[in-house]
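Inspection log for the structure reproduced underneath, given as structure tokens.
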Amino acid sequence: MMPRPGRRRRPTCICFNWTPPALAWEYLRRDPAYRACWRRFGRRAGAEAARPWGLAWLADPNRDARDAHPVWDDCLPSLLHLRATGGQTGAGLDLWHIPGPKRLIALPDGFALEAGDGAHVLRARLGSGVLEGQPVFCTVPLDARLHAQAALLAAHAAHLAPRRACPRARYAASHLVPLAARHHLHALQALDGARAGASQRHIAEVIYGRDRVHAYWHTDSALRAQLRHSLARGFALMRGGYRDLAGLRPACTRR
């Protein structure tokens, strides 16, 4: 539901702290086709119904990224894969040495792990035996994102070391809103307004403020062009562009 015109959202909107996969979910859950799929199958849906969307299983689109925690498919190239090698129990991964909140979800062939806050999140698939304390090895898919994946592995390597206490990472607090985050906020607001049937001017008043729209809104204004760009961006990300945010392989076609 669109807020009343003239009332702008606070710049401390929670989406500024969301990771790219969380933003991907925000766009996907707004897709009418995905919502129709959820109404048809719900939680009973198997992998075949979820895979076209890039998910391991369907997640409730009525829950935002703070609560839904969708599990993206294993074709996600940015995932670290941890597998047990066998050997002495007690020499492997210790989840308690990974800093930050942790979320562990059971999968048919292991577990999905997310640990950390904000943009500093470790996301991995754990094979059978990993949580039993067996020695593990970590693999990263060899593809065009190798450099980003190697940096991710290096950033978290210390936390994956066995029985090694690691201090919680401290990140400098910033009161500046990243430009990319602001663009995503505007795209999501514009998308919500369009789906609610609001006019472009109404949407602009919510995003930019009534006074600014009154002063600068006309046929060829930059403000109007900016809103149209946000609308186009929002619809493009909702209709499949979210896959890049989630890190899905381009070969995973939408449907």
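I'd like to check something: does the stretch 21-30 contain any residue that is among the hydrophobic types (A, V, I, L, M, F, W, C), modelled with pLDDT of 80 or more, over 29 Å from residue 202 (Cα atoms) and assigned by TED's automatic domain parsing to the domain that holds residue 211? Taking every residue of the stretch 21-30 in turn, none turns out to be among the hydrophobic types (A, V, I, L, M, F, W, C), modelled with pLDDT of 80 or more, over 29 Å from residue 202 (Cα atoms) and assigned by TED's automatic domain parsing to the domain that holds residue 211. Taking the criterion of being surrounded by fewer than 17 Cβ atoms within 10 Å (Cβ to Cβ) and within 15 Å of the chain's Cα centre (by Cα), no residue of the stretch 210-240 qualifies. Exactly one residue out of 113, 126, 152, 142 is under 20 Å from the mean Cα position of the chain (by Cα) and at pLDDT below 75: that is 152. The C-beta contact set for the stretch 220-242 (first residue among the basic types (Lys, Arg), second residue assigned to a helix (DSSP H, G or I) and surrounded by 15 or more Cβ atoms within 10 Å (Cβ to Cβ), distance under 6 angstrom, 6+ apart or interchain) comprises 233/187. When you look at residue 36, is it under 19 Å from the mean Cα position of the chain (by Cα), of a type in the set (Gly, Ala, Ser) and modelled with pLDDT of 60 or more, yes or no? Against the criterion (under 19 Å from the mean Cα position of the chain (by Cα), of a type in the set (Gly, Ala, Ser) and modelled with pLDDT of 60 or more), residue 36 does not qualify.
Considering only residues that are surrounded by fewer than 13 Cβ atoms within 10 Å (Cβ to Cβ) and closer than 22 Å to residue 192 by Cα, which ones fall in the stretch 35-59? 36, 39, listed by residue number.
The values are calculated or read from the model by the stated rules, or taken from the named source; none is laboratory data. Owing to the predicted nature of the structure, the values given are computational and were not obtained by experimental measurement. Quick reminder, even Gly has a Cβ in these numbers, built from the backbone with ideal geometry, and neighbours come from all protein chains shown.
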